[in-house]
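Colleague: After the C-alpha coordinates below, expect a handful of questions from me.
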Amino acid sequence: MKMSESRPQPPRPDRRRSIRGSFSWIDHRFLREGFDQGLTRLEKLLYFVLVAVSNRDGVSFYSDARLAELLDIRFPQELDGARKELVARDLIAYEGGIYQVLDLPACSPRKAPGCSAPLPDHALRSSSSLPRIRKTALRDAASDLESVKQLLERWGRSRT
(Lines give C-alpha, C1' and ligand atoms only; values in the text may rest on other atoms or scores of the structure.)
Protein backbone atom coordinates (compact mmCIF):
# COMPACT_ATOMS: atom_id res chain seq x y z
CA MET A 1 0.00 0.00 0.00
CA LYS A 2 1.39 3.42 -0.94
CA MET A 3 1.59 6.19 1.62
CA SER A 4 -0.75 8.32 -0.48
CA GLU A 5 -3.49 5.69 -0.33
CA SER A 6 -5.93 5.82 2.54
CA ARG A 7 -6.32 3.05 5.07
CA PRO A 8 -9.07 0.51 4.46
CA GLN A 9 -12.35 1.53 6.03
CA PRO A 10 -14.26 -0.88 8.26
CA PRO A 11 -17.33 -2.47 6.68
CA ARG A 12 -19.39 -1.49 9.76
CA PRO A 13 -18.12 1.90 11.00
CA ASP A 14 -21.16 2.11 13.30
CA ARG A 15 -19.79 -0.89 15.24
CA ARG A 16 -16.18 0.17 15.83
CA ARG A 17 -14.78 -1.35 18.99
CA SER A 18 -14.09 0.92 21.91
CA ILE A 19 -12.44 0.26 25.23
CA ARG A 20 -14.90 0.12 28.12
CA GLY A 21 -13.70 -0.99 31.50
CA SER A 22 -10.96 -3.59 31.35
CA PHE A 23 -8.80 -4.24 28.32
CA SER A 24 -6.55 -7.03 27.11
CA TRP A 25 -4.40 -7.56 24.04
CA ILE A 26 -2.53 -10.26 22.20
CA ASP A 27 1.00 -9.27 21.27
CA HIS A 28 1.27 -9.42 17.46
CA ARG A 29 4.59 -11.18 17.90
CA PHE A 30 2.69 -14.25 19.13
CA LEU A 31 1.62 -14.99 15.55
CA ARG A 32 4.12 -13.00 13.49
CA GLU A 33 7.18 -14.50 15.15
CA GLY A 34 5.83 -18.03 15.45
CA PHE A 35 5.20 -18.45 19.17
CA ASP A 36 2.04 -20.29 18.14
CA GLN A 37 3.94 -22.83 16.01
CA GLY A 38 3.54 -26.38 17.23
CA LEU A 39 0.83 -25.53 19.74
CA THR A 40 -2.33 -27.60 19.59
CA ARG A 41 -5.70 -25.95 19.09
CA LEU A 42 -6.48 -26.35 22.81
CA GLU A 43 -3.15 -24.82 23.84
CA LYS A 44 -3.79 -21.80 21.61
CA LEU A 45 -7.35 -21.43 22.90
CA LEU A 46 -6.19 -21.63 26.51
CA TYR A 47 -3.58 -18.96 25.82
CA PHE A 48 -6.11 -16.67 24.13
CA VAL A 49 -8.69 -17.12 26.92
CA LEU A 50 -6.06 -16.39 29.58
CA VAL A 51 -5.09 -13.24 27.68
CA ALA A 52 -8.74 -12.19 27.47
CA VAL A 53 -9.52 -12.72 31.17
CA SER A 54 -6.28 -11.52 32.74
CA ASN A 55 -5.74 -8.18 34.43
CA ARG A 56 -3.14 -5.59 33.40
CA ASP A 57 -0.38 -7.71 34.98
CA GLY A 58 -1.47 -10.75 32.97
CA VAL A 59 -2.90 -12.43 36.08
CA SER A 60 -6.05 -14.54 36.00
CA PHE A 61 -7.85 -16.21 38.88
CA TYR A 62 -10.15 -18.34 36.69
CA SER A 63 -10.55 -21.82 38.15
CA ASP A 64 -9.79 -24.97 36.21
CA ALA A 65 -13.50 -25.80 36.29
CA ARG A 66 -14.41 -22.45 34.71
CA LEU A 67 -11.66 -22.74 32.09
CA ALA A 68 -12.79 -26.29 31.28
CA GLU A 69 -16.33 -24.99 30.85
CA LEU A 70 -15.23 -22.11 28.60
CA LEU A 71 -12.99 -24.35 26.49
CA ASP A 72 -15.41 -27.29 26.35
CA ILE A 73 -12.86 -29.62 27.94
CA ARG A 74 -14.17 -33.02 28.97
CA PHE A 75 -11.16 -34.40 30.81
CA PRO A 76 -9.01 -32.64 33.44
CA GLN A 77 -5.78 -33.98 31.93
CA GLU A 78 -6.51 -32.04 28.72
CA LEU A 79 -6.35 -28.72 30.58
CA ASP A 80 -3.37 -29.92 32.62
CA GLY A 81 -1.47 -30.89 29.46
CA ALA A 82 -2.23 -27.60 27.71
CA ARG A 83 -1.20 -25.63 30.77
CA LYS A 84 2.06 -27.57 31.14
CA GLU A 85 2.96 -26.97 27.49
CA LEU A 86 2.35 -23.21 27.76
CA VAL A 87 4.44 -23.09 30.95
CA ALA A 88 7.23 -25.11 29.30
CA ARG A 89 7.28 -22.68 26.36
CA ASP A 90 7.59 -19.78 28.81
CA LEU A 91 4.30 -18.22 27.63
CA ILE A 92 2.48 -18.44 30.97
CA ALA A 93 3.29 -19.05 34.62
CA TYR A 94 1.03 -21.07 36.91
CA GLU A 95 1.23 -21.37 40.66
CA GLY A 96 -1.34 -22.17 43.31
CA GLY A 97 -4.29 -21.85 40.96
CA ILE A 98 -3.17 -18.47 39.63
CA TYR A 99 -2.24 -17.96 35.99
CA GLN A 100 -0.02 -15.24 34.59
CA VAL A 101 0.35 -14.51 30.88
CA LEU A 102 4.03 -13.62 30.52
CA ASP A 103 5.66 -11.04 28.31
CA LEU A 104 6.80 -12.95 25.22
CA PRO A 105 10.42 -14.13 25.35
CA ALA A 106 12.96 -12.01 23.46
CA CYS A 107 13.96 -14.94 21.26
CA SER A 108 11.19 -16.21 19.06
CA PRO A 109 10.98 -19.34 16.91
CA ARG A 110 11.31 -17.27 13.71
CA LYS A 111 14.22 -15.03 14.77
CA ALA A 112 17.66 -15.32 13.24
CA PRO A 113 19.89 -18.21 14.37
CA GLY A 114 22.08 -15.71 16.25
CA CYS A 115 19.35 -15.34 18.87
CA SER A 116 20.22 -18.01 21.37
CA ALA A 117 18.69 -17.24 24.72
CA PRO A 118 19.01 -20.26 26.99
CA LEU A 119 15.85 -22.26 27.55
CA PRO A 120 14.55 -22.35 31.11
CA ASP A 121 15.14 -25.66 32.93
CA HIS A 122 11.48 -26.62 32.77
CA ALA A 123 11.45 -26.17 28.97
CA LEU A 124 14.06 -28.91 28.65
CA ARG A 125 11.62 -31.36 30.21
CA SER A 126 8.80 -30.30 27.89
CA SER A 127 7.19 -32.49 25.29
CA SER A 128 7.64 -29.58 22.87
CA SER A 129 10.78 -31.27 21.57
CA LEU A 130 8.67 -34.17 20.30
CA PRO A 131 7.59 -34.00 16.68
CA ARG A 132 4.15 -32.39 16.41
CA ILE A 133 2.56 -35.51 14.93
CA ARG A 134 3.85 -37.67 17.78
CA LYS A 135 2.75 -35.15 20.42
CA THR A 136 -0.73 -34.99 18.93
CA ALA A 137 -0.94 -38.76 18.63
CA LEU A 138 0.08 -39.20 22.27
CA ARG A 139 -2.50 -36.67 23.45
CA ASP A 140 -5.22 -38.19 21.28
CA ALA A 141 -4.35 -41.67 22.53
CA ALA A 142 -4.54 -40.52 26.16
CA SER A 143 -7.87 -38.84 25.51
CA ASP A 144 -9.20 -41.91 23.68
CA LEU A 145 -8.04 -44.19 26.49
CA GLU A 146 -9.83 -42.04 29.05
CA SER A 147 -13.00 -42.12 26.91
CA VAL A 148 -12.84 -45.91 26.69
CA LYS A 149 -12.32 -46.18 30.46
CA GLN A 150 -15.36 -44.00 31.11
CA LEU A 151 -17.49 -45.98 28.67
CA LEU A 152 -16.45 -49.26 30.29
CA GLU A 153 -17.24 -47.86 33.73
CA ARG A 154 -20.70 -46.75 32.58
CA TRP A 155 -21.30 -50.06 30.83
CA GLY A 156 -20.24 -51.96 33.97
CA ARG A 157 -22.59 -49.90 36.16
CA SER A 158 -25.53 -50.41 33.82
CA ARG A 159 -25.07 -54.20 33.82
CA THR A 160 -25.18 -54.53 37.60
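Colleague: Keeping all protein chains in the complex and leaving out DNA, RNA and ligands, what accessible area do you get for Trp155 with a 1.4 Å probe, in Å² to the nearest 10?
Modeller: Ignoring ligands and nucleic acids, Trp155 comes out at about 140 Å².
Colleague: Output wanted: per-residue J couplings in Hz (rounded whole) for the stretch 67-77, from phi through Karplus 6.51 cos²θ - 1.76 cosθ + 1.60, θ = phi - 60°, x for Gly and Pro.
Modeller: Once θ is set to phi - 60°, the couplings for the stretch 67-77 become 5, 4, 5, 5, 9, 6, 8, 8, 10, x, 5 Hz.
Colleague: Report the far tail of the P(r) of the stretch 1-72, meaning the percent of Cα-Cα pairs longer than 20 Å.
Modeller: 53
Colleague: Set the Förster radius R0 to 25 Å, insert the Cβ-Cβ distance between Leu71 and Phe23 as r into 1/(1 + (r/R0)^6), and round the FRET efficiency to 0.05.
Modeller: 0.70
Colleague: Related question: With all protein chains present and a 1.4 Å probe, how do Tyr62, Tyr47 order by accessible area, largest first?
Modeller: The ranking, largest first, comes out as Tyr62, Tyr47.
Colleague: Going from most exposed to least, what order do Ile19, Ile98 have by accessible area with a 1.4 Å probe?
Modeller: Ile19, Ile98
Colleague: Turning to a different aspect of this structure: On average, how much accessible surface per residue is there in the stretch 1-87, in Å², for a 1.4 Å probe, leaving out ligands, DNA and RNA?
Modeller: That works out to 75 Å² for each residue.
The values are calculated or read from the model by the stated rules, or taken from the named source; none is laboratory data. Everything numeric here is computed off the predicted structure, so don't read it as measured data. Using ideal geometry, Cβ is built from the backbone for each residue, glycine included, and neighbour counts are taken over all protein chains shown. Each accessible area value is taken on the protein alone, full model and side chains, heavy atoms only, with ligands, DNA and RNA left out. Shrake-Rupley method; radii C 1.70, N 1.55, O 1.52, S 1.80 Å.
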